[in-house]
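A short worksheet on the structure shown next.
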Amino acid sequence: MLQPSALRLFVYGSLRSGQENHDRLRGARFLGAAATPSGHYHLTLLDEYLALIEGPGPSVKGELYEVTAELLIELDAFEEVPQRYCRRAVWLSDGSCAEAYFKAPGAR
């Protein structure tokens with residue numbers, strides 16, 4: 001069960017376990033592997049990092065974490081929301097929803 005001030009965050013790139021920025025999720029609770037349904041989203045490059053965008057594509061595989069509101073503020077700053085990324089809801093293949101970082105409109 002989620003804590004009252006927590007939400008579910010789907011990560012697909014450098015925040016995943018074993019990747020270079022995973023330490024930024026310190027204190028987050030790992031909920032398990034997750035994926036998006038195929039045909040709804042795909043990944044693109046934003047400089048040297050991945051960015052999620054809407055549109056036909058294969059299933060995007062990632063991980064699901066429970067994060068606090070305080071940690072989310074730190075992650076939003078790290079992800080340069082709203083200039084480079086925007087955080088919004090993403091559908092997962094199990095029919096549930098989580099937050100995820102998408103490429104911000106106009107980001108290159």
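The values are calculated or read from the model by the stated rules, or taken from the named source; none is laboratory data. Since this is a predicted model, take the numbers as computed values, not measurements. Positions of Cβ are backbone-derived with ideal geometry, glycine not excepted, and every protein chain shown enters the neighbour counts.
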Exercise for the section: Return a yes/no flag: does region 91-99 have any residue that is among the small types (Gly, Ala, Ser), touching a residue at least 60 places away in the same chain (Cβ under 8 Å) and touching a Lys or Arg at 6+ places or on another chain (Cβ under 7 Å). Expected result: yes
Exercise for the section: Kindly indicate whether any position in region 52-62 is within 19 Å of residue 14 (Cβ to Cβ) and either in contact with a helix residue (DSSP H, G or I) (Cβ under 8 Å, 6 or more places away or on another chain) or in contact (Cβ under 8 Å) with a residue 60 or more places away in the chain (or both). Expected result: no
Exercise for the section: Determine if region 61-77 includes at least one residue that is crowded, with 17+ Cβ neighbours inside 10 Å and in contact with a Cys (Cβ under 9 Å, 6 or more places away or on another chain). Expected result: no
Handout entry: Condition check for residue 94: over 18 Å from residue 28 (Cα atoms), at pLDDT 95 or above and acidic (Asp, Glu)
Key = yes
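Please go through region 63-80 and pick out each residue that is outside any helix (DSSP H, G or I) and either touching a Lys or Arg at 6+ places or on another chain (Cβ under 6 Å) or closer than 16 Å to residue 6 by Cβ (or both). Quick ask: steps written out before the conclusion?
Initial filter on region 63-80 (outside any helix (DSSP H, G or I)): 63-68, 79-80.
Hits for region 63-80 are 63, 64, 65, 66, 67, 68.
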Problem - Which listed residue, of 95, 39, is part of a loop (DSSP other than H, G, I, E, B), over 14 Å from the mean Cα position of the chain (by Cα) and under 21 Å from residue 7 (Cβ atoms) - result: 95
Problem - Hey, residue 28 farther than 22 Å from residue 107 by Cα, surrounded by fewer than 14 Cβ atoms within 10 Å (Cβ to Cβ) and among the aliphatic types (A, V, I, L, M) or not - result: no
Practice task
Please determine, by comparing only the residues of region 1-36 that are in a loop (DSSP other than H, G, I, E, B) and of a type in the set (Lys, Arg), which one is farthest from residue 90 (Cα to Cα).
Solution key: 26
